[in-house]
Every structure is written in C-alpha cells, then in structure tokens.
Amino acid sequence: MKKLVLITCSLLFSISTLVASEDWGKTGHRVVGEIADSYLSKKAEKEISKLLNGHSLAFVANYGDDIKSDRHYDSYGPWHYVNFPFGEKYETYPKSEKGDIIQGIDECIAVLKNDNSSKEDKVFHLKMLAHFLGDLHQPLHIGMEEDKGGNDFQVLWFKKGTNLHKVWDSQMLDSYEMSYTEVAANSDVLTKEQVKAIKSGTAVDWMYESRALCEEIYSNTEIGEKLSYNYMYDYMDTLRFQLQKGGIRLAGLLNEIFD
Ligand code: ADE
Ligand code: ZN
Ligand code: ZN
C-alpha cells in the first residue's frame, strides 16, 4: 500500500512538472522587478510599497507563475503569452477569446488606474503586471500556436534534452549562474536619452520587438540542435537587454499609473 502511494505521488509529481511550464524562470522575473524598482518615481515607490506591504517588485515578480497550480486562477493562463503566425499582424489576426498578454496587461493597468478598485484587486493586478512585463520581453512568449511558443521545439541544452522555450525561459540565464541582484546590477549603463527611448511606445510596440527576436531565433535554430556556449555568445546580451527593457518599461507604466 505504502509503495502504491509512493508510486502515485511520484507519478503525479512528474506529470505536474511536465504540465506546469513556467516563464522567464524565477531569476529572469526577479531581474525585471529589481530593475523596475530602481526606476520608480518617489510617488510610485511609496504607493507600491503600501500595496505590497513593504515588499519589492522583485519579491512579487513570480506571483503570476506561483498561482498557476491553483485551478481557481486557470483563466489567467492565456494572459502570459500571445501566439499568432509569423508574418501576420497582432491587430488583424483573430484574438484568443481567453485573452492574451496584451489584453492581460491592459486589464491590469485599467484595474490599477480605477479609483473604485478594491485594494485587494489592485494588489493582485500589480503583481500580475510586474510578471507580465517580464513575459512580454521573453521572445518565445510572442510565439506560434503550432509549437506552443517553442514548448514543442525540442533541442539539446549542454547535451540535455529540453525545448527552445525552456532555454529562453530559464536555462540560458541559469547557466550564467548569477543571482538576480547581480544580473540587475550588471545591466548595461544607459544614457537618459536611451532610457527615454526605451520607455516610449506601447505594450503592442514592445510585443513586436519580442516578435522580431522570436522570428530571428527561429531562423537561427534547428529542431534537435545542440545548443551550448555558442548560443550563449550569440544571445546572452540580447537576453540581458530584454530583461533590462522589461524593467524600465514596467517602471515607466507604474510611474504613469501612480503619478
Ligand atoms: N503556451 C502556449 N503558447 C505559449 C507561449 N507562446 N508561451 C508560453 N506558453 C505558451
Ligand atoms: Zn515561458
Ligand atoms: Zn508568465
């Protein structure tokens, strides 16, 4: 009997790890939160600290993934990404009725801007927004339905079987072996003008940047390819810049919301 329970438990565990695909991974989302924390206006910092009981954006940045295993939150699953065919435009391609990352971000902003929203609703949508700005900058989250944003695109990462989505979510950054504070602290130094340029535009504009990267990644990667150091040489700076832009833009949105 004991053996049966053990086997059932380990089976359930393996199934849950197979099903629960995460995003950027813990480190990536925290880097985005940490960078955003450093670009907040005094006013936004104060309001956010009140809502988060003194916690930082880095601290709550993984909330969107943490709730995925609770079926009460299933309806938020499609808000983490958007899929449409290469060569198509988001605006003209039929939208998912279940929502997507752009609809999710818009909803979070609307709740935070609404004076009639409850504190509980604002806290929830603030944590979700901090997460989705990260996802928006993961190129494979602006993917294609056929392979679920690269989740079905099998590759090898340092000789271990995995998929392209996971390489971009977490494996490349994990191979770097830096903490989220170290990655954030070592972001590229930017001029005021560069920061201003990064902050400009809309979530849809930022999504198209990720989409362009996604298309580039697909044209440079083959199914079954053995990815290792060369892939890091090619893409680590791009990945770090995506995280940096995600952080700067998250702060830009929050500064505007809490102004
Ligand atoms: N599931 C289906 N498509 C996905 C995508 N593009 N990103 C993350 N998860 C997905
Ligand atoms: Zn992901
Ligand atoms: Zn996510």
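Search the stretch 215-232 for residues being in a helix (DSSP H, G or I) and hydroxyl-bearing (S, T, Y), and hand back the single one that is surrounded by the most Cβ atoms within 10 Å (Cβ to Cβ). Ranking the candidates gives Y231 first. Number of residues in the stretch 198-214 that are closer than 22 Å to S187 by Cα and not in a helix (DSSP H, G or I) equals 2. Looking only at residues in the stretch 89-135 that are open to solvent by less than 10 Å² (accessible area, probe 1.4 Å) and part of a loop (DSSP other than H, G, I, E, B), the one that is farthest from ligand 2 (Cβ to nearest atom) is G99. Please work out which residue is least open to solvent (accessible area, probe 1.4 Å), limiting yourself to the stretch 159-173 and to residues that are within 16 Å of ligand 3 (Cβ to nearest atom) and charged (D, E, K, R). Top of the filtered list is D169. Counting the residues of the stretch 233-259 that are over 19 Å from the mean Cα position of the chain (by Cα) and either of a type in the set (A, V, I, L, M, F, W, C) or within 26 Å of K196 (Cβ to Cβ) (or both) gives 5. Restricting attention to the stretch 27-59, and to residues there that are out of contact with any Leu (no Cβ under 6 Å at 6 or more places or on another chain) and small (G, A, S), which single residue is most open to solvent (accessible area, probe 1.4 Å)? Selected residue: S38. For first residues located in the stretch 233-259 and at negative phi and part of a helix (DSSP H, G or I), partners that are hydroxyl-bearing (S, T, Y) and open to solvent by less than 20 Å² (accessible area, probe 1.4 Å) and lie 6+ apart or on another chain with Cβ distances below 9 Å form the pairs Q242/S210. Of the residues making up the stretch 80-88, not a single one is part of a helix (DSSP H, G or I), at pLDDT below 95 and open to solvent by less than 40 Å² (accessible area, probe 1.4 Å).
The single condition from (1) open to solvent by 50 Å² or more (accessible area, probe 1.4 Å); (2) at pLDDT 95 or above that K3 fails is (2). Residues of the stretch 74-88 that are within 16 Å of ligand 2 (Cβ to nearest atom) and either over 14 Å from G143 (Cβ atoms) or not β-branched (V, I, T) (or both): Y76, G77, P78, W79, H80, Y81, N83. Return the residue satisfying two criteria in turn: it lies in the stretch 139-164 and is of a type in the set (A, V, I, L, M, F, W, C) and assigned to a loop (DSSP other than H, G, I, E, B), and of such residues it is farthest from ligand 2 (Cβ to nearest atom). Looking at the filtered set, the residue picked out is F158.
Annotation: of all residues in the stretch 60-72 being open to solvent by less than 70 Å² (accessible area, probe 1.4 Å) and assigned to a helix (DSSP H, G or I), the one that is farthest from ligand 2 (Cβ to nearest atom) is V60.
When the residues of the stretch 143-196 are filtered to those that are closer than 23 Å to I101 by Cβ and among the basic types (K, R), the one that is nearest to the chain's Cα centre (by Cα) is K166. Scanning the stretch 139-158 for residues that are touching a strand residue (DSSP E or B) at 6+ places or on another chain (Cβ under 7 Å) and either more than 22 Å from V82 (Cβ to Cβ) or open to solvent by less than 10 Å² (accessible area, probe 1.4 Å) (or both) yields I142, G143, G149, G150, Q154, V155, L156, W157.
The values are calculated or read from the model by the stated rules, or taken from the named source; none is laboratory data. These figures come from a predicted structure and were not determined experimentally. So basically every Cβ, Gly included, is an ideal-geometry build from the backbone, and we count neighbours across all protein chains shown. The area values use the complete protein model at the heavy-atom level, side chains included, leaving out ligands, DNA and RNA. Shrake-Rupley method; radii C 1.70, N 1.55, O 1.52, S 1.80 Å.
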